[in-house]
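Values quoted throughout were computed directly from the atomic coordinates according to the rules given, and no laboratory measurement underlies them. Computed from a predicted structure; not experimentally measured. As a convention, Cβ positions derive from the backbone with ideal geometry for all residues, glycine included, and neighbour counts pool all protein chains shown.
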Amino acid sequence: MMPLIAANSLGEYVLESLLYWKLPGNESIAFTIAALIHVVLILTFFGVAPLIFIWLERKVAGRIQDRLGPTRVGGAYGWLQTLADGVKLIQKEDLCPAEADRMLFRMSPYLVFVASFGAFIALPFGNGFVVQNLEVGLFFMLALMSLEVLGVVFAGYSSGSKWALFGGMREAAQVVSYEIPMAICALVPVIATGSLNLVEVGRFQAGGFWNWLIFQNPFTFVAFFVYFTVATASVKRAPFDLAEAESELVAGFHTEYSGIRWSYFFMAEYASMFAVSGIAVFLFLGGWYDGVHIIESMDAFVAREGCGWLGQYTVNVIGLAIFITKATSLVFFQMWVRWTLPRLRIDQVMMTCLKYLLPISCALFLGATVWPLFLYSLPMTAGQTDLRPYPMGNRVYNAKPAAVKPADKSDSTKHPAPSAVIIKEGSGKEA
Amino acid sequence: MTGHQLLFWVFAAVTCGGAIAVVLTQNVVRMAFWLIVSLGASAGLFFLLNADFVGTAQLLVYVGGTLVLLVFGVMLTASGPFSKMQTRPGELFLAGIVAFLLLGLLGSSVCSVNWNAVVAATNHGQPLLARQELNHGYNKPEEGNTGHPLGMAFLGMRPDRDLAPGTKTLSTGYLLPFEIASVHLLVVLIGAAYLARAKRRVQPNE
């Protein structure tokens, strides 16, 4: 029994423990407890991650502008600065302008918050470390993150201010157009794996870093950069932060907000940055795998020595650390871009999306679909093992999706995992 | 009451409450907000039924797509802030009649189904099993168990009428209403395209 895997198995684990200790309880209670554990875990992450990212943002901004950034609160590095800001924001008066539509004005921060938080339900943090291991995990995350725009638009509309209205309008136009190339780019690695389940996409990339989907074929390589650009735009980060655009619109859609409601927008923004970076890590950069066989060796060791669930759990925690490191570096990269590049004009933003990114992503999608067929059209030398990718994706099949033991664990004793070999050498042969 | 049933009632109540609030609100954007609540809760009902894909598609298409366009349209076209929708009593009366007719239609089609026969047909004539082992589709669970009675009925085969033992006449299922609805959507699309084009054609002549 391994705790902290998908909610179903944690629920079963809780149920078994209740029965074992002869405590009162049935299936419903066990699953409620499991759900609560997960909610508390992600809510903590959802609160702590923005805390660190906002501090990081200020430090990065400071360093790029040849300043120091926060230095006072919490020692030399000012690492408690965001917490101090949070305390200040909670104390502020909850203002609502007289012109505003009160109900919508008060609701919209929650809408943004819930949409951003909901996406974390399907985001795996490691091998099976996921609240709900959905078969359509990627689709679910993209769908929920597309709801964030509604909160922003409502905030802009209900504020009763022209700055906010312009910010909301720009946001709606921008996000609705950028959603299309984002979804298409996310499909390019999905074609290679044949699965929308992010855990399965992660398992698919076991082995060396050359097994990562970004190196799968030329199209996924380009798709990563296009996806990352579009994802930066979809979380309204500079150079695409037209909805805020401080130099033109005061503060855009959140001009009228103050105090804790204002901070909800920012928590959601930073959490979404992590979420899109997490998707990028799973779709292109090997998920929780380190790329130099460390996780795989530990998996093999645990399987060989029979360390039980504790050993497997430790490996998963290391995988979690690797995943968070990767995703945080992408977030760091987004900050770096923000403080380096100037903001685009709204027409330039729309042109970049509709005239360049959308055709590019469509071409990548088409290319990724045709690539395996192209490989099949090439002649093969006799005696060579057929390692070419399947047109419908080389999915890692699990006998039991809810099984406690990851499917590739037994495979990874012989490096690299056979499922991973299938494709890699196929594309390597062509290069 | 199990946790599943409790969640069902919560989601169902939120769906209905949101829908009623849509009707009772006059502000168009607030209506959109209540529609989000209602559609989101119905997506929750889909998730509760293990229909993850349908629930996600509901969120993406209706909430994330249609509603954003609706709010965007209101923001672009509204002459003043917070545009209200004034309904005259006559319109209210007419809309009420249509709504109750639709309710009657939906209610009668739900009541006309012999649910025991549906269960018997999907479980291949076997008696009702324990809840966990109930088969919801025609094909086996190993094969995905995807051929569900409702989908079959849309294709023109009603399990309770056509597969029950001793049936003589075959029904058409819901094939005709399904096709009418799709043709209706096509008509709406063509009409919208026509309206959009006609306006553009007038302008150069002026």
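State the extension gain, in nm to one decimal, for the chain segment bounded by residue A:314 and residue A:16, taking 0.36 nm per residue of separation less the distance between their alpha-carbons. Walk me through the intermediate numbers first.
Numbers: separation 298, 0.36 × 298 = 107.28 nm, distance 2.18 nm.
Gain on stretching residue A:314 to residue A:16: 105.1 nm.
Mind pulling the per residue volume of the convex hull built on the Cα atoms of segment B:1-86? Å³ is fine.
Details: hull volume 6.0 nm³, N = 86.
Spread over its residues, the Cα hull of segment B:1-86 gives 70 Å³ apiece.
In segment A:44-129, what trypsin sites (Lys or Arg not before Pro) fall in a loop by DSSP, with at most 15 other Cβ atoms inside 10 Å?
A:67, A:72, A:92
Among the trypsin sites (Lys or Arg not before Pro) in segment A:303-373, which ones are in a DSSP loop with at most 14 other Cβ atoms within 10 Å of the Cβ? Mind listing them? If you can, show how the numbers build up before the last one.
On the way: sites: A:304, A:326, A:338, A:343, A:345, A:355; in loops: A:343, A:345.
Here the trypsin sites (Lys or Arg not before Pro) that fit, given the DSSP loop and packing criteria, are A:345.
Would you compute, for the Cα atoms of segment A:70-127, the largest minus smallest coordinate along each principal axis and list the three values in descending order, in whole Å?
44, 39, 13
Under the definition of partner shielding as Cβ atoms of other protein chains within 10 Å of a residue Cβ, what is the mean value for peptide A:140-149? If you can, show how the numbers build up before the last one.
On the way: counts 7, 1, 4, 11, 6, 1, 6, 8, 1, 5.
Mean shielding count: 5.
Once Rh is set to the Kirkwood radius over Cα pairs, what Stokes-Einstein translational diffusion coefficient, in µm²/s, holds for segment A:252-308 at a temperature of 4 °C and a viscosity of 1.567 mPa s?
Values: Rh = 14.8 Å.
Answer from the Stokes-Einstein relation: 88 µm²/s.
Which of the chymotrypsin sites (Phe, Trp or Tyr not before Pro) across segment A:17-61 are loop residues per DSSP, with 14 or fewer other Cβ within 10 Å? Numbers along the way, then the final one.
Details: sites: A:20, A:21, A:31, A:45, A:46, A:53, A:55; in loops: A:21.
The qualifying sites are A:21.
Let me confirm one metric for peptide B:50-56, namely the mean number of other chain beta-carbon atoms within 10 Å of its residues' beta-carbons. Let's see the in-between values first.
Values: counts 1, 0, 9, 6, 1, 4, 12.
Mean partner-chain Cβ count within 10 Å for B:50-56: 5.
Just tell me how shielded B:59-66 is by partners: mean number of partner chain Cβ atoms within 10 Å of each residue's Cβ, no decimals. Display every interim value, and only then the final one.
Numbers: counts 9, 9, 1, 0, 6, 13, 4, 0.
Average neighbour count from other chains, rounded to a whole number: 5.
With the alpha-carbon atoms as the only input, what is the per residue convex hull volume for segment A:25-184 in Å³?
Values: hull volume 32.2 nm³, N = 160.
Convex hull volume per residue, Cα atoms: 201 Å³.
Give me Rg/Rg_expected for segment A:90-199, where Rg uses Cα atoms only and Rg_expected = 2.2 N^0.38 Å with N residues.
Its radius of gyration relative to the 2.2 N^0.38 Å reference: 1.32.
How far is it, in nm, from the label point at residue B:88 to the one at residue A:27 when both lie 7 Å from their Cα along the line to the Cβ?
So the two model labels end up 5.6 nm from each other.
Pulled fully out, how much extra length does the chain show between residue A:92 and residue A:106, if you take 0.36 nm times their separation in residues and subtract their Cα-Cα distance? List each step's numbers first, then the result.
Values: separation 14, 0.36 × 14 = 5.04 nm, distance 1.51 nm.
In short, 3.5 nm is gained.
Which log10 I(q)/I(0) values does segment A:123-176 give at q = 0.12, 0.30 Å⁻¹ under the Debye formula, counting every alpha carbon as one identical point scatterer?
Listed by q, the Debye log ratios stand at -0.42, -1.07.
What do the square roots of 5 times the Cα gyration tensor eigenvalues come to for segment A:209-293, in whole Å, largest first, as semi-axes of the equivalent ellipsoid?
On the way: eigenvalues 225, 45, 8 Å².
Equivalent-ellipsoid dimensions as semi-axes: 34, 15, 6 Å.
Between residue B:77 and residue B:2, what is the label-point separation in nm under the 7 Å Cα-to-beta-carbon projection?
4.7
Between residue B:27 and residues 5 or more places away or on another chain, which pairs have amide H atoms under 5 Å apart, with H built 1.01 Å from N, and which residues are they?
Under 5 Å from the amide H of residue B:27: B:85.
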